[in-house]
Each structure stands twice: as structure tokens, then as C-alpha cells.
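For reference, the structure is listed below as C-alpha cells.
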Amino acid sequence: AGGGDAAGAEEQTEFDVVLEAAGGKKIAVIKEVRGITGLGLKEAKELVDGAPNTIKEGIAKAEAEEIKAKLEEAGATVELK
């Protein structure tokens, strides 16, 4: 397994948004997850309660950054992979 960014490596073009933790404002995070994913309340709550979970997969960096910002504003801990 090689580490670090090799010279000439392709820049990552697809990102996954991973909810690491809901934080103290779980209801706000659930609302954002519902808005982002289109899931129902029960499914969004299960996704948030089961963190870490992937919210969106294979999306452009700009969209991933936007979703990350929304979730972090709601109080969640988010990672882009």
C-alpha cells in the first residue's frame, strides 16, 4: 500500500459525503439529511442515528463541499472521501 499523493496522480473527481457524527443538534442534522437525500423522516433519522454513514456517493467536489457545509452548519461532523 502506497501512501501520500504520488506525482502525476489523477485529481479526485468524485466524492462521498460521510456523516461521522450528528453532534448536539440531531434534529437540525436530520432535517438537512432529509433535504439532501429526499429520504423520509424515519429513514433520515436511522441514517443519522447510525453514523458514520454515507449521505451521498460519487458526486462532484463542489456539491460535496456544499453538502458538507450545510451539515456542519447544522452541527454534524462530516468527512469527504
- Note on the structure: Counting only protein heavy atoms with a 1.4 Å probe and every protein chain in place, the carbon and sulfur fraction of the accessible surface of the chain in whole percent equals 47
- Sum of side-chain charges, Gly40 neighbourhood, beta-carbon under 13 Å (Lys, Arg +1; Asp, Glu -1): +2
- Kindly report the accessible area of the chain per residue (heavy atoms of protein chains, probe 1.4 Å, no ligands, DNA or RNA), in Å². 65
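The values are calculated or read from the model by the stated rules, or taken from the named source; none is laboratory data. If you're wondering where the values come from, they're calculated on a predicted model, not measured in any experiment. Positions of Cβ are generated from backbone atoms using ideal geometry, with glycine treated the same way; all protein chains shown enter the neighbour counts. Side chains are part of the model used for accessible areas, which takes the heavy atoms of the whole protein and leaves out ligands, DNA and RNA. Shrake-Rupley method; radii C 1.70, N 1.55, O 1.52, S 1.80 Å.
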